[in-house]
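Here is the structure we will look at, set down as structure tokens.
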Amino acid sequence: MIKTVVSIELDLAASRAIRFASQLNYFVPMEILPVYVKALPPRDLSIGSGWVRRHWEQELVQEGKAEIIEMISSEWEFSPTLKEPLVAYGDRERELLKIMEADGFDVFVDGEPLEWTPANLYYKVHSKLWHRFPGVIGVARVLRRINQLLILCTDPVGVGPLTQSMAHLWARGSLPVTLAVPHKAPEALAREAARGEEVLAQAGCQVSLFQDFPYYPEPPTSGYLREYGLVAVALPRGLKKDSPQLAWLSQVRVPLLIKLY
């Protein structure tokens with residue numbers, strides 16, 4: 001079973017993130033763990049040490065759990081594999097990394113609110129949290145009906161890690177997968193995409209190859225990607241601010257699966 005961790009806050013983005021993970025669960029069995037990291041109160045309100053501090057910490061966690069369960073209680077109707085939320089307190093990135101590294105998750109759905117701009121996406125890609133997570137990162141700017149997965153191949157070096165990750169995630173799943181190679185792509189990219197198609201097919205995926213994909217680096221026309229509902233891309237960890245991938249992603253209005261390499 002695919003292990004998925006969903007970072008949530010007390011806002012609408014949390015509900016969207018959980019429903020996105022639940023949508024993925026329609027196509028492949030997933031265990032979904034919501035995690036809420038509650039910020040510590042100001043230093044002057046902190047309690048000293050020993051039993052008093054441990055009691056205060058337990059109260060803080062229980063308070064956070066009550067807050068988040070009330071907010072996501074309706075989501076259990078949509079995802080029976082949604083586990084009881086885990087609540088931690090402290091620095092969000094540090095606590096999430098502890099949890100993800102301890103339990104070996106396959107997918108991380110980032111539910112932190114994000115203004116969808118190239119600059120903010122650049123910040124996310126270069127955050128410690130994204131950099132250190134070895135699996136697939138899900139981002140749901142909006143929710144769409146998922147009909148197919150479009151895997152966009154933009155760099156020969158990234159195609160291998162991306163298709164291997166997608167093969168692990170969607171092995172024997174019911175979601176159709178399309179590998180897209182941009183119009184006038186270099187021969188090396190086309191070759192890697194063909195290898196990626198073989199990897200996905202061997203994993204039992206329903207895969208096809210779309211040569212001469214017309215919407216990269218030009219952005220897709222309005223509503224085009226709704227035919228798919230989900231897009232996967234590979235991004236280099238050393239991504240630059242002026243990269244065509246960031247410019248393209250800032251125009252995309254469907255949920256994303258991102259693999260850093």
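The values are calculated or read from the model by the stated rules, or taken from the named source; none is laboratory data. Only a predicted model underlies this, so the values are computations on that prediction, with no experimental measurement involved. FYI the Cβ positions are ideal-geometry reconstructions off the backbone, even for glycines, and counts take in every protein chain you see. Note: areas computed on protein heavy atoms with side chains; ligands, DNA, RNA excluded. Shrake-Rupley method; radii C 1.70, N 1.55, O 1.52, S 1.80 Å.
Some points to look at:
- Residue selected from the range 85-125 under the condition among the acidic types (Asp, Glu) and touching a residue at least 40 places away in the same chain (Cβ under 8 Å), by the criterion surrounded by the most Cβ atoms within 10 Å (Cβ to Cβ): Asp110
- Of the residues making up the range 236-249, none is over 24 Å from Trp130 (Cα atoms) and not acidic (Asp, Glu).
- In summary, Gly158 fulfils each of the numbered conditions (1) crowded, with 19+ Cβ neighbours inside 10 Å; (2) more than 15 Å from the chain's Cα centre (by Cα); (3) within 22 Å of Phe27 (Cβ to Cβ) with the single exception of condition (3).
- Test: residue in the range 165-173 that is in contact with a strand residue (DSSP E or B) (Cβ under 6 Å, 6 or more places away or on another chain) and farther than 30 Å from Ser15 by Cβ: no
- Residue, farthest from Glu227 (Cα to Cα), within the range 171-191, restricted to residues that are open to solvent by less than 50 Å² (accessible area, probe 1.4 Å) and in contact with a helix residue (DSSP H, G or I) (Cβ under 7 Å, 6 or more places away or on another chain): Ala188
- Of residues in the range 216-230 being surrounded by fewer than 21 Cβ atoms within 10 Å (Cβ to Cβ) and touching a Pro at 6+ places or on another chain (Cβ under 8 Å), the one nearest to Gly196 (Cα to Cα): Tyr216
- Every pair of residues 6+ apart whose Cβ atoms lie under 6 Å, when the first sits in the range 197-212 and is closer than 20 Å to Pro161 by Cβ while the second is open to solvent by 40 Å² or more (accessible area, probe 1.4 Å) and in a helix (DSSP H, G or I): Val207/Glu197; Val207/Ala201; Leu209/Glu197
- Any chance Gln245 is within 26 Å of Ala21 (Cα to Cα) and exposed (fewer than 14 other Cβ atoms within 10 Å of the Cβ): no
- There is at least one residue in the range 200-207 that is more than 27 Å from Arg19 (Cα to Cα) and either out of contact with any Phe, Trp or Tyr (no Cβ under 8 Å at 6 or more places or on another chain) or open to solvent by less than 50 Å² (accessible area, probe 1.4 Å) (or both).
- Complete set of residues in the range 213-239 that are assigned to a loop (DSSP other than H, G, I, E, B), touching a residue at least 40 places away in the same chain (Cβ under 8 Å) and over 15 Å from Asn120 (Cβ atoms): Tyr216, Tyr228, Pro236, Arg237
- Ser79 being under 19 Å from Tyr26 (Cα atoms), polar (S, T, N, Q), outside any helix (DSSP H, G or I) and in contact (Cβ under 8 Å) with a residue 40 or more places away in the chain: yes
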